[in-house]
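See structure below.
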Amino acid sequence: MIASEAGRSKLVLGTVQLGMPYGIANTAGPPSKEGAFEILDTAFEGGINTFDTASAYGSAEELLGEWIAARTIKKSVYIVSKVTGGSGSIRSLIEQSLQRLHIEQLDGCLLHSSEHLCERDVMDDLQQAKQDGLVGHVGVSIYDEADAQKALDVGMEYVQIPYNVFDQRLERADFFDRATAAGITVFARSPFLQGLLLMDPDAVPPHLSAARQHLEKFIEMSQRHGLSQLEAALLFAHGSRAEHVIFGAESRKQVAGAIGIIQNKTMSVDLIEEIRESFQNVDRSIIDPRLWTKHN
């Protein structure tokens, strides 16, 4: 189902592809303004009312803001954006994002990097912005297990984590249980691992050749259970305990396809368990895009 808690859709459209080149298999770059509006319209009309963006995503905030203003729907959408601590006053950065987005309040403001969780001035500014009504919830985007624990320790409300077929580290670290106990809302991002999970194994670049065997196994088990790579990858992430799942798209057809999968497809318990058992120890150089390099 598309709906989720507190009126926010469980499926969240990520907007990084709208503002900059993104994804290992993306050769076309960001869409035109018209194409971006088509993507956003398709998402909203399909029941997605929650959008993930960031000041660092090129022109994504501006495009999203122009769309919100053009459709006069600022009271009907939930926007989560990210700011980079250390690049200026947090309040000033939030105000700039709000101006670009044509809204008065962010549903969530996340630190783009967990390194700033230990900076008292950054955390104070973030909390003050919440008290002043510029932000509904404060949070952080994290990559690692240690960062997840840090987010719990400092009382973040929204935590964005990587979660997909190949990357189940935080589930195995009992993060979902601890987040639930702490009242934290979890956003699972990267269900397609920046497009790697959707690739033909023969098209995987040489610097990620170690991923091919895992990808071939994933494709085999998905097909055996009657699902495509796209269907299996999205359903697996959507079936996690995360309250929200962020996915990106390069066309309205892709958005409509994702919505259709959630509405019309199911994943068997057997396949879920097979995936969990088969990909417990995928090397970090594969599951963490920050480590991807064109050099062997």
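The residue that is farthest from ASP125 (Cα to Cα), counting only those in segment 142-181 that are in contact with a helix residue (DSSP H, G or I) (Cβ under 8 Å, 6 or more places away or on another chain) and aromatic (Phe, Trp, Tyr), is PHE166. Of all the criteria given as (1) assigned to a helix (DSSP H, G or I); (2) farther than 30 Å from ARG169 by Cβ, the one not satisfied by LEU117 is (2).
Residues that are farther than 13 Å from THR50 by Cα, over 21 Å from the mean Cα position of the chain (by Cα) and in contact (Cβ under 8 Å) with a residue 12 or more places away in the chain: does segment 77-85 have at least one?
To start, the set of residues in segment 77-85 that are farther than 13 Å from THR50 by Cα comprises 82-85.
Restricting the remaining residues to those that are over 21 Å from the mean Cα position of the chain (by Cα) gives none.
Scanning segment 77-85 turns up no residue that is farther than 13 Å from THR50 by Cα, over 21 Å from the mean Cα position of the chain (by Cα) and in contact (Cβ under 8 Å) with a residue 12 or more places away in the chain.
Screening segment 191-296 for helices (runs of 4 or more DSSP H) wholly inside it with 2 or more residues that are small (Gly, Ala, Ser) and either farther than 28 Å from ALA179 by Cα or at pLDDT below 95 (or both) returns the ranges 252-264. Of all residues in segment 218-253, those that are surrounded by fewer than 18 Cβ atoms within 10 Å (Cβ to Cβ) and either acidic (Asp, Glu) or in contact with a Cys (Cβ under 7 Å, 6 or more places away or on another chain) (or both) total 1.
Give the residues of segment 99-151 that are of a type in the set (S, T, N, Q) and touching a His at 6+ places or on another chain (Cβ under 9 Å), sorted by residue number. Break it down stepwise before answering.
The initial filter retains those residues of segment 99-151 that are of a type in the set (S, T, N, Q), namely 99, 105, 113-114, 127-128, 131, 141, 149.
Across segment 99-151, the qualifying residue is only SER141.
When ASP124, ASP107 are checked against the criterion of being in a strand (DSSP E or B), of a type in the set (Asp, Glu) and surrounded by fewer than 21 Cβ atoms within 10 Å (Cβ to Cβ), a single residue qualifies: ASP107. Picking from residues in segment 144-190 that are of a type in the set (Gly, Ala, Ser), in a loop (DSSP other than H, G, I, E, B) and touching a strand residue (DSSP E or B) at 6+ places or on another chain (Cβ under 9 Å), the one that is surrounded by the fewest Cβ atoms within 10 Å (Cβ to Cβ) is GLY155.
The set of residues in segment 13-30 that are more than 19 Å from the chain's Cα centre (by Cα) and at pLDDT 90 or above is empty. Of all residues in segment 60-93, those that are buried (at least 23 other Cβ atoms within 10 Å of the Cβ), in a helix (DSSP H, G or I) and at pLDDT 95 or above total 5. In segment 3-12, which residue that is touching a Phe, Trp or Tyr at 6+ places or on another chain (Cβ under 9 Å) and at pLDDT 70 or above is farthest from SER55 (Cα to Cα)? Among residues in segment 3-12 that are touching a Phe, Trp or Tyr at 6+ places or on another chain (Cβ under 9 Å) and at pLDDT 70 or above, the one farthest from SER55 (Cα to Cα) is GLY7.
The values are calculated or read from the model by the stated rules, or taken from the named source; none is laboratory data. Note that the coordinates shown come from a computational prediction; the quantities given were computed from them, not determined experimentally. Cβ coordinates were reconstructed from backbone atoms using ideal geometry, including for glycine residues, and neighbour counts include every protein chain displayed.
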